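The values are calculated or read from the model by the stated rules, or taken from the named source; none is laboratory data. In this text, all values refer to a predicted model and were calculated from it rather than measured experimentally. Using ideal geometry, Cβ is built from the backbone for each residue, glycine included, and neighbour counts are taken over all protein chains shown. Ligands, DNA and RNA are excluded from the accessible area calculation, which covers all protein heavy atoms including side chains. Shrake-Rupley method; radii C 1.70, N 1.55, O 1.52, S 1.80 Å.
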Amino acid sequence: MVDTALSVIPTIVNLGIKIYDAFETKKENSEECKHLIVHIESIRDQLDYLKKVTRDQEKSLEQELCTLKDRLKECEKFIDQFGKKWLLTKLVFNQGQNDELKTLNVHLDSCQKQLHYKMTLIFEDYRQKDTQKIINTQHMQSAAIQEIHHDVKRLLADQRPCTPTSTREQINIIDQVKNKYKTNSGIKRTVNEEKSFPIEQSYINLAIVETKEQHEKEKKLKEQDQKAKEPETKEQHEKEKKLKEQDQKAKEPEKQQDFSLEKQHDEILRTYEEIYGVKTSIDVENIFQQCKDQIKKVFVLGRAGIGKSTFCQYVTYRWAKGEIWSEYELVILIRLRRLTDSRYPPSKKYSVNHLLENEYFPCDELSHAQIKHFKQLCNKGQVLWILDGYDEFAQNIPEQLKDVFDHVRETQHHILTSRPYAIKSSYDVKLEITGFTNDNIVKYVDQFFDQTMKEINTDSFEAQKLLRLLKSNSSIWGVAHIPVNLELICSLWSNNDWTETTVLTMTVLYDNIIEWQCRRYLANKNINHEDLTKSAVYDKCNTELQFLEYLSFKGMECNKIMLTPAFLIEAKDDLKSFAIDIPQILKMGILKSYDDKAIGTQNQTEKQHYFVHLSFQEHFAARNLLRILKSTDRVKAINFINSNKYNQRFHFVFVFASGLLAQSHYKSCIEPFWSTVQSEPIDLVGVKHIKLLIACVDEFIGQTTAPQSTPLLQSISKWLAFCASHNATPINKHLIQSLQQTNRILNTTIIQKTFLQLLDTEDPNEERTVYLFIAELPITEPIPKLQSKILAALYDMGLNARATASTIIGNFGEKAATNGVIAALLNAIRDEKHYVRQEACSALGNLREKAATNEVIAALVNAMSDYVYRVRWRACEALGNLREKAATNEVIAALLSAMRDEESYVREEACEALGKLGEKAVTNEVIAALINATRVEEYSVRRKAWEALGKLGEKGVTNEMIAGLVNELAGRIDYGHDTFLDKCLVRAMCSFDGMKQLNSGIVKKLCSYIRNCTMIDLTVIPSEHMIKVFFDSGNASWLGLVVYIALSQGIAVTVEGSCIWIYDGRGPFECNGDRPELLASLIEAFRNQKSEIESG
């Protein structure tokens, strides 16, 4: 019965469209329209009947739905009969009539969507046996049909379309907003908006981490530090005694006299990690669980280009799909940069409903009833506001919008996103978007080039070539962790020769992308650019570039992100000596129109524009700043630097300017720029100044060895010396956060020698502080003396030094994998203290394949039997990082044993490690263990098991594995699709042997899931694959999936005799269909699918 019910829905959708066609020809076909009313009345009667249905009347309901379906088919046939003769009448309508009909079309489209949506609810509710819900939704459905009926009668009576008020009355606010979010499912590329990635495939792996309340952490750290100097209290003694008894049960007791010191160190180290290091991961759907107040407020921080706006798009998309935050009836995303005087004139006072109208219904004035309903939702706390881009808005909030903005922030549940600037209001929950992890980078590059390869037949090894370059150079690898930077790197890869690239700063990256855009611009103007140098290309585009530089600088000075047509004209008038052609400049791809339409369409100059990313505006502004500094008007640039060097809004302007100084074109600016930065007015506190120096110097030294570098690095080293040797936690926090975002400074000799001097102390507390400070910093190229010093600490008698030294060596990475380092870590892995052992395991894993010696592998296998679960966990992780070199029988046996561990963390890591070992780890026992792990209670373990099975290659894909994955996904459909598991499923479906052995029940489940999963990418399945599975298995259950996948892939299939010809992007190829009875059923299935589509 359910299938019969669902088959009605496409017909209803088609009817809604045909109704509009009927209205459009009302004057010549009034009788036909009246006839149509009769059919609509019949449908309404059928729906009215359904209100009376109870659970005891299921058969009657099924019959009635069948009757309804037949009635709709009648409507469709009736409309089709005279549809062709209407076609001619459309050509004689004048413009005024067409405009009125467009208004009517909006109304009817809304009714049709509501009809579709409500019918879906009806049948879903019926499946859940909820009679009351059926009755309630039928009431709403009848109302929708009644409205269509009244509108048709009104139209035929007075020949006028519905008034705008009637149109607005029918708009379902919540559904309209959801539809807007659902259709916005692609992430557009920054420099080529015609290309996009599905949001679930491209940016779903953005790491969002929770940032703890700093004050409490710092207080805790001071307390723990004080405890380290005080005698043991009675309460401590009792706690430690209890813990000791637990350890004795684990058959490996610790010595009581050392326990207090060990516990204190563990707590101190953990607190440092919470403040500076590994933050607590948190899932998007759980972020409000951290809020303590009744009004939920979350502050989301993120660096430039890290993905804050993508985060907003992602969460609204998932909410619209019903996957998260179901407690909110409505989620309103406001891009704060759009709240400008031109869109909100100062002469008016604004409230929350004006924000809703302007941002979501600009062509409609909401009715009184709709506004009232919206305000009720706000008052009941059922609306979540997402305010994106506070940093672009905070210093220039229009006076007329301050009250409503404050009202939302003070009284409404909301999320506020911003670059990491300080804000006055306190937030219980502060989150940080950290960008891509190492694994995310690999996945993104693969996805980027997979799409590119399909479009332009790129070499399939390009992704691996780029990844090798990224990993081989710490500077480029660091830059790639910011999503927008990685996109630019991938975009540039096929257009540049990177063989000689050793350093990639943010400035170089943006400079290269601008050169690339200029070359595309010249090509579109039919100007040959292939033999031109970069300097020559810039000369060809000099007028355009100078305008963009001046425009961006003027916008930054005036605090304007949205650039109005008047502002563009004003900038053009300021540069009277240049022949500026604004329409041509808009075609360069640097500016984006407000309504997101493609640059180059009609009336572009009448639209507001903004730079494709704020960082592009900052880069162009930096170019303009240096242009002024090297001119006769340099005083203006000096005054600008003096006035704004500590203004966070201009932070990246100065960072980009520092990077540009390395170019020969700007070398004359080096001395005046740095002397101005370092001279009065100077920051009397000093922290803000040193943070500015760190960011700017890191960009500067990445490209030059100019003599100015030395005194700048010495200034930074003095602050590092103070922070590293003093327990000044608040100051340390500022410097560590800045240093963690650098790529070059920490690898300089001056800075590393400073650390060596600090470690040359006899005070154990001071030494511990220095080690902990260094452990938080990304030093990837240690000088030999520093590496030797850290290595010696691994043999130190001090407990703190041994553990922290292991962490530091792990941070050094593969370049530190010398025989001496490995020997020292092997010694540490046998340490009597568990926190030393766990850090040693992690460090060996971070050395990767270079540490994959027999002795290391044996030591890690032994550590997997440790009585402390953290050691076992880290040992599993380390073995996985050693990859295929660790795929020995002993390792596999140990990991199989770990999959039965009592701790789920250990089991998760064991599954992941087996997957990383690759096909060398494929045995029947491994596959059986992983399949068994897919049935455990913990979803996190199941997910890791599926991931591992997917990485084991063809051998890991069995019919049992596919069946289990299908059941897993089918069972989770109510919780929203898991994109990663969807990918696992598609990869598994490419296995011929695994697929052909599936039974009919699983095949039907698989078909049902695939048809209901709108975001799954089926293009990777070979076009002929499913047809071959069907013919080989002879199982007719495959037919539905075979024809649907062919439809999804957009291929063509023809049959000539017993030959099946398939046409896809590779060209035509033949597939054998030598079983006549199966071939006939396949042809029939294709025809039925096509007929269903064409019949509506």
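Figure legend. Inter-residue proximity from the range 291-319: first residues closer than 23 Å to N440 by Cα and charged (D, E, K, R), second residues at pLDDT below 85 and surrounded by 22 or more Cβ atoms within 10 Å (Cβ to Cβ), beta-carbon distance below 7 Å, spacing 6+ or different chains. Indicated pairs: R303/I482; K308/G302.
I476 meets all of the listed conditions (1) modelled with pLDDT under 70; (2) open to solvent by 10 Å² or more (accessible area, probe 1.4 Å); (3) part of a helix (DSSP H, G or I) but one, namely (2). Residues that are open to solvent by 10 Å² or more (accessible area, probe 1.4 Å) and assigned to a loop (DSSP other than H, G, I, E, B) within the range 653-677 comprise A662, Q663, listed in sequence order.
When E699 is tested against (1) open to solvent by 60 Å² or more (accessible area, probe 1.4 Å); (2) assigned to a helix (DSSP H, G or I); (3) at pLDDT 90 or above; (4) not small (G, A, S), exactly one condition is not met: (1).
Against the condition under 24 Å from S1037 (Cβ atoms) and in contact with a helix residue (DSSP H, G or I) (Cβ under 9 Å, 6 or more places away or on another chain), how does N967 come out, does it pass? Yes.
Sort out which residues of the range 749-796 are acidic (D, E) and open to solvent by less than 40 Å² (accessible area, probe 1.4 Å), and write them in order of number. Answer for the range 749-796, where residues must be acidic (D, E) and open to solvent by less than 40 Å² (accessible area, probe 1.4 Å): E767, E776.
Among the residues making up the range 872-890, those that are more than 20 Å from S940 (Cβ to Cβ) and surrounded by fewer than 24 Cβ atoms within 10 Å (Cβ to Cβ) are R883, E884, K885, A887, T888, N889, E890. Taken together, I682, I641 contain a single residue that is among the aliphatic types (A, V, I, L, M) and open to solvent by 10 Å² or more (accessible area, probe 1.4 Å), which is I682. Set side by side, the residues T632, T605 differ, and just one is among the hydroxyl-bearing types (S, T, Y) and out of contact with any Leu (no Cβ under 9 Å at 6 or more places or on another chain), which is T632. Of all residues in the range 613-633, how many are outside any loop (DSSP other than H, G, I, E, B) and surrounded by fewer than 17 Cβ atoms within 10 Å (Cβ to Cβ)? Total satisfying the criteria: 0.
Yes/no per residue for (1) crowded, with 21+ Cβ neighbours inside 10 Å; (2) of a type in the set (S, T, N, Q); (3) under 25 Å from Y314 (Cα atoms):
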{"position": "V926", "(1), (2), (3)": "yes, no, no"}
{"position": "K944", "(1), (2), (3)": "yes, no, yes"}
{"position": "L952", "(1), (2), (3)": "yes, no, no"}
{"position": "G964", "(1), (2), (3)": "yes, no, no"}
{"position": "K983", "(1), (2), (3)": "no, no, yes"}
{"position": "C990", "(1), (2), (3)": "no, no, no"}
{"position": "D993", "(1), (2), (3)": "no, no, no"}
{"position": "G1001", "(1), (2), (3)": "no, no, no"}
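Here G813 clears all of (1) at negative phi; (2) touching a residue at least 24 places away in the same chain (Cβ under 8 Å); (3) assigned to a helix (DSSP H, G or I) except the condition numbered (1).
In the range 302-320, is there at least one residue being open to solvent by 10 Å² or more (accessible area, probe 1.4 Å), assigned to a strand (DSSP E or B) and not acidic (D, E)? The answer is no, given that none of the residues of the range 302-320 is open to solvent by 10 Å² or more (accessible area, probe 1.4 Å), assigned to a strand (DSSP E or B) and not acidic (D, E).
Scanning the range 710-723 for residues that are touching a residue at least 12 places away in the same chain (Cβ under 8 Å) and either touching a Ser or Thr at 6+ places or on another chain (Cβ under 8 Å) or open to solvent by 10 Å² or more (accessible area, probe 1.4 Å) (or both) returns T710, L713, Q714, S715, S717, W719, L720, A721.
Selection of the range 861-911 for residues being among the acidic types (D, E) and outside any helix (DSSP H, G or I) yields D866, D901, E902, E903. If the condition is being at pLDDT below 85 and closer than 16 Å to L969 by Cβ, then the range 941-953 contributes R943, W946, E947, L949, G950.
Could you list, in sequence order, the residues of the range 622-645 that are within 31 Å of the chain's Cα centre (by Cα) and not charged (D, E, K, R)? Scanning the range 622-645 gives a single hit, A622.
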